[in-house]
Each structure stands twice: as C-alpha cells, then as structure tokens.
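S.K.: Next up is a structure, given as structure tokens.
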Amino acid sequence: MIKQIRHFWQYFKMDTPLFLLIISLSTFGLIVLHSASAGSMQMIYKQMIHFAIAISAMLVIAQIPPYQFKRYSPYLMLFGIFLLLLVILFGSKSGGAQRWLDLGFVRFQPSELMKVIVPIAIASILSEKTLPPKALSVLLSLVAIVVIVLLIAKQPDLGTSLLIGASGFYVLFFSGVRIQIMRNNWLNFALISSFIVGSAYIAWNYLLIAYQKKRIMTLIDPSSDPLGSGYHILQSKIAIGSGGLFGKGLEQGSQSQLNFLPEHATDFIFSVIAEELGLLGVVFLLIIYGLIIYRGFVISFQSEDNFSKLLGASLTMVFFTYVFVNIGMVSGLLPVVGVPLPLISYGGSSLITLMSSFGIIMSIRKHKIPRYLSKL
C-alpha cells in the first residue's frame, strides 16, 4: 500500500513539503472563511470547488517539463497580448472597469493569465548560457514588461499592472542585471531621486485617474473621509487592533460578524484573522507563508539551468509580493488595490493562477532540462 502511494506521488511530480504546506494553509483558510462568512456553507462549498479545480491545474502543470514552457514562451506572450487587446476592444465592463472577456459559457480576466505568462516569457529571454544577460536581452525584456503594464493599466487596473510589472522585474533582478550610473555616490543619489520625483509627477498628472488619486490621499489621512474612502482602512485597523494576543474567537469578531468590516471574506480577510485569532493566529499564518516562500527558493536555487532558477525564484517572489501587498493594504501601510490574501481569501480565478504557479515550481523540482536545451 505504501509503495502504491509513493508511486502515485512520484507519478504526479509532487514536492511533498510544498504540497503539505499549501494544503495546511488552504485548510486554515477554509476555517477562517467559514467564520468570516458567518457560517455560510454555500460559500465554503464554492471555495472547495475552487480548490479542487486549482489543485487539478497544479497537478497537470507539474507534469509539463520546464523546457516546454521555455520553448512556447513567445507564443504564450503573444497570446496574452492578444487577449489584453480583445479586452480593450470587446471586454465587458463592471464597476467602471473593462477587465473581463465574456465568452458566454465563461467570463474570465486575461490579466490573471499574465501573472504566470510574464515571468515565463522574461525568464526565457534572459536565461542565457551565462549571466548577467546581454544588454539586448534586457532591453527586449523591458519593452515586453512596459507593453503588458500599459495594456493592463488601460483597463484600468493599476494595482494588477504594477504587480505584474514587478514579476518581470524580479526576473531581471535574479538574472544579475546591474545598473552602474556614475562612480560618485552623491551624483547617483541625485539622479535616482530626480527620476523618482519625475516619475511620481508624471504618474500623478497624466497616468492616475481620480479614484486612484483618492486612494493615495486616503492612505495619507484616512480620517479625512471616515464614512467614505477612508472607511475600509479605519474599520480594518479597528479589527486588527482589537484582536489582542489571543483574539476574540472564531465567529466572535464584532467588526466582521456585524458587517462593519467591508469585503471581510475577500480582500480584508486578514483583518478577520487578526481580530478573531489575535497575534498568535497572525504569527501562525506568517510562519506558514514564510515556509512556503523558503521552500520555493530552495527548489529554484537547486535547479540546474538558468531558466528554471529565474522562473522559480520570480514566481516565489510574486507570491511574497501578494502576501506583502495584502497585509500592507489592510494595515493602512499601502493603498487599497484589491489584492486577495493568497490561499485564504474567497475567490476562484486568483486561486487557480496561484496554484498554476506552484505547479510550475513543482515541475522545476521534479524535471531536469536536457543539457542541449539548457544551453539555448
């Protein structure tokens, strides 16, 4: 029986530590979601279906050798750009944003696919025989990243566009790209500061729209509009601060159970954890996240080829970024951008995308790229 289980496990190319951590965190998420939704079994059943689909996607993707992702990365990138163009031309609108494609039998958000496609494509461009990569490869990568970011920001979805842009820059960072401006440190500081100030000025006056500017102003002073734009952050801070060390107990949080806390089953579910499970629940959550991130980096850096190293490390950093942004958002440290808490928040599309990323990391762990392909 044990041999049969091992054979099954090896056949599906599963990394045991990473898989167990994912299942543990997902189970914890279902418990928290049950409490956040006031015991709504319908929401739990739907989320379990989401998990079943996402885990199935992870299992399927884990069977695909990494060099296949590298081989078809140009087609994936072109396909992704094509879908983003379709969104701009024919996408369905909701809440003032045009981010979805409605095919009749399914409605999906192509930008979710880009969370996986962009790291694959940029890692393929930069994964040369020796690193750091050549200037032409870096330039091509930057052009691809900027095009994708602008197409998604056009929807408008600035938060997702910046996160996807970050996923591409992570690949650049791990490839060892270095920018040397001048030997004079003070001159470097002046040039970088000028670039940041200039970029901020251009973004504020020409790129950001009204509601995005309002979110930034709310971050600076949420009490300026306590019943409007600042309501989410103020209620979230109250929930986090009232949890104390041990929390109020599951289904005992006043902010979530009495509906003072908006989006308490999705974007602001971290506040529910802090209020009902306290600091200990938050620490437990952060430990599991930390172990998943650590395991992702171990798998990436132990791989034998540059493509797998770059792709695995960047996908791991993307996971870290989503955790960091969500917690920073609900804590009032970052603007509200609608980023779910990975493996905890209710939802299907982001969960499937995330599990697909884990499937790629497991594929890196179990497959080895042929030497003649790793040199391409």
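The values are calculated or read from the model by the stated rules, or taken from the named source; none is laboratory data. Just so we're clear, the structure is a prediction, and the values are computed from it rather than from any experiment. Neighbour counts run over all protein chains shown; Cβ positions are idealised from the backbone, glycine included. The accessibility values were calculated without ligands, DNA or RNA, using every heavy atom of the protein model including side chains. Shrake-Rupley method; radii C 1.70, N 1.55, O 1.52, S 1.80 Å.
S.K.: Take the range 242-261 and flag every residue that is surrounded by fewer than 23 Cβ atoms within 10 Å (Cβ to Cβ), among the small types (Gly, Ala, Ser), touching a residue at least 24 places away in the same chain (Cβ under 8 Å) and on the phi < 0 side of the Ramachandran plot. I'd like the intermediate steps shown before the answer.
M.R.: Here is the first cut: in the range 242-261, the residues surrounded by fewer than 23 Cβ atoms within 10 Å (Cβ to Cβ) are 242, 244-252, 254, 257-260.
Next cut, among the small types (Gly, Ala, Ser) only: 242, 244, 247, 249, 254.
The next check asks that each one be touching a residue at least 24 places away in the same chain (Cβ under 8 Å); those that pass are 242, 244, 247, 249.
The one that is surrounded by fewer than 23 Cβ atoms within 10 Å (Cβ to Cβ), among the small types (Gly, Ala, Ser), touching a residue at least 24 places away in the same chain (Cβ under 8 Å) and on the phi < 0 side of the Ramachandran plot: SER242.
S.K.: Just to check your reading of the model, which residue among PHE270, PHE260, PHE307, PHE284 is aromatic (Phe, Trp, Tyr) and part of a loop (DSSP other than H, G, I, E, B)?
M.R.: PHE260
S.K.: When the range 111-156 is examined, which residues are found to be of a type in the set (S, T, N, Q) and either part of a helix (DSSP H, G or I) or closer than 18 Å to THR353 by Cα (or both)?
M.R.: Passing the criteria: SER111, SER124, SER137, SER141.
S.K.: Now, a different point. What number of residues in the range 337-349 are at pLDDT below 85 and on the phi < 0 side of the Ramachandran plot?
M.R.: Matching residues across the range 337-349 total 4.
S.K.: Out of the range 44-56, which residues are surrounded by fewer than 17 Cβ atoms within 10 Å (Cβ to Cβ) and either touching a helix residue (DSSP H, G or I) at 6+ places or on another chain (Cβ under 9 Å) or not in a helix (DSSP H, G or I) (or both)?
M.R.: Matches in the range 44-56: ILE44, MET48, ILE53, SER56.
S.K.: While we're here: Looking only at the range 162-174, which residues are closer than 16 Å to LEU334 by Cα and modelled with pLDDT of 85 or more?
M.R.: Looking only at the range 162-174, we keep the residues that are closer than 16 Å to LEU334 by Cα, and these are 162-163, 166.
Once the filter is applied, which keeps residues that are closer than 16 Å to LEU334 by Cα and modelled with pLDDT of 85 or more, the range 162-174 yields LEU163, ALA166.
S.K.: Quick test for you: out of TYR346, TYR322, pick the one residue that is among the aromatic types (Phe, Trp, Tyr), open to solvent by 20 Å² or more (accessible area, probe 1.4 Å), under 20 Å from SER26 (Cβ atoms) and in a loop (DSSP other than H, G, I, E, B). Steps first, please.
M.R.: Numbers: TYR322 fails: in a loop (DSSP other than H, G, I, E, B).
Residue meeting the stated conditions: TYR346.
S.K.: What residue, of SER303, SER349, is in contact with a strand residue (DSSP E or B) (Cβ under 8 Å, 6 or more places away or on another chain) and of a type in the set (Gly, Ala, Ser)?
M.R.: SER349
S.K.: I've got another one for you. Out of all the residues in the range 99-107, is one or more outside any loop (DSSP other than H, G, I, E, B) and open to solvent by 60 Å² or more (accessible area, probe 1.4 Å)?
M.R.: Scanning the range 99-107, I find at least one residue that is outside any loop (DSSP other than H, G, I, E, B) and open to solvent by 60 Å² or more (accessible area, probe 1.4 Å), so the answer is yes.
S.K.: Looking at the range 369-376, is at least one residue at pLDDT 80 or above and closer than 26 Å to PHE307 by Cα?
M.R.: So far as the range 369-376 goes, no, none of its residues is at pLDDT 80 or above and closer than 26 Å to PHE307 by Cα.
S.K.: Filter the range 287-304 for residues that are open to solvent by less than 50 Å² (accessible area, probe 1.4 Å) and aromatic (Phe, Trp, Tyr) and give the result.
M.R.: Taking the range 287-304 and keeping what is open to solvent by less than 50 Å² (accessible area, probe 1.4 Å), we get 288-290, 292-293, 295-300, 303.
Those that are open to solvent by less than 50 Å² (accessible area, probe 1.4 Å) and aromatic (Phe, Trp, Tyr): TYR289, PHE297.
S.K.: Sort through PHE268, PHE307, PHE284 and tell me the only one that's surrounded by fewer than 22 Cβ atoms within 10 Å (Cβ to Cβ) and either more than 25 Å from LYS46 (Cβ to Cβ) or at pLDDT 80 or above (or both).
M.R.: Details: PHE268 fails: surrounded by fewer than 22 Cβ atoms within 10 Å (Cβ to Cβ); PHE307 fails: surrounded by fewer than 22 Cβ atoms within 10 Å (Cβ to Cβ).
So the residue among PHE268, PHE307, PHE284 that is surrounded by fewer than 22 Cβ atoms within 10 Å (Cβ to Cβ) and either more than 25 Å from LYS46 (Cβ to Cβ) or at pLDDT 80 or above (or both) is PHE284.
S.K.: Which numbered condition in (1) open to solvent by 40 Å² or more (accessible area, probe 1.4 Å); (2) under 17 Å from MET362 (Cβ atoms); (3) modelled with pLDDT of 90 or more; (4) not acidic (Asp, Glu) is the only one that TYR67 fails?
M.R.: Of (1) open to solvent by 40 Å² or more (accessible area, probe 1.4 Å); (2) under 17 Å from MET362 (Cβ atoms); (3) modelled with pLDDT of 90 or more; (4) not acidic (Asp, Glu), only one is false for TYR67: (3).
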